[in-house]
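Each remark here refers to the structure printed beneath this line.
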Amino acid sequence: MTHDEASGFGACQEAHQVEGRYANHFAVGHNAFEFLLDFGQFYPDGGRARVHTRIIISPSYAKAFDETLRGSIEQYEDTFGKVAGARLGSGPGGRGENGDDPAL
């Protein structure tokens, strides 16, 4: 049994049908109707992150995503140990380049 099978990951898609993209930068924004999740690559020599994926979800799915991610992090830490926290707005990841929410 693979790790994906054991965790239930990929239950909706065949693994060969899903394109994986590495992201070391993310930003989250919202308006009254939806949440926007931007993922991309940050290159120190370039100075700015390059967003490659934007996911737009409803507030109820954003809440479900939050709960699912928190549960997954808890399982990860139970298996591999605590994850060091990152300061938001202090470089790659977190919020926008200046520590603010991305433009909607």
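Each reported figure results from applying straightforward, stated rules to the coordinates on display, with no laboratory input. Note that the structure is a prediction, hence the values are computed from the model and not measured.
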Rounded, prolate or oblate: which fits segment 13-66, taking a ≥ b ≥ c as square roots of the Cα gyration tensor eigenvalues, rounded meaning a/c under 1.5, else prolate when a/b beats b/c?
oblate
Residues with amide H under 5 Å from that of Y43, placed H, sequence gap 5 or more
R48, R50
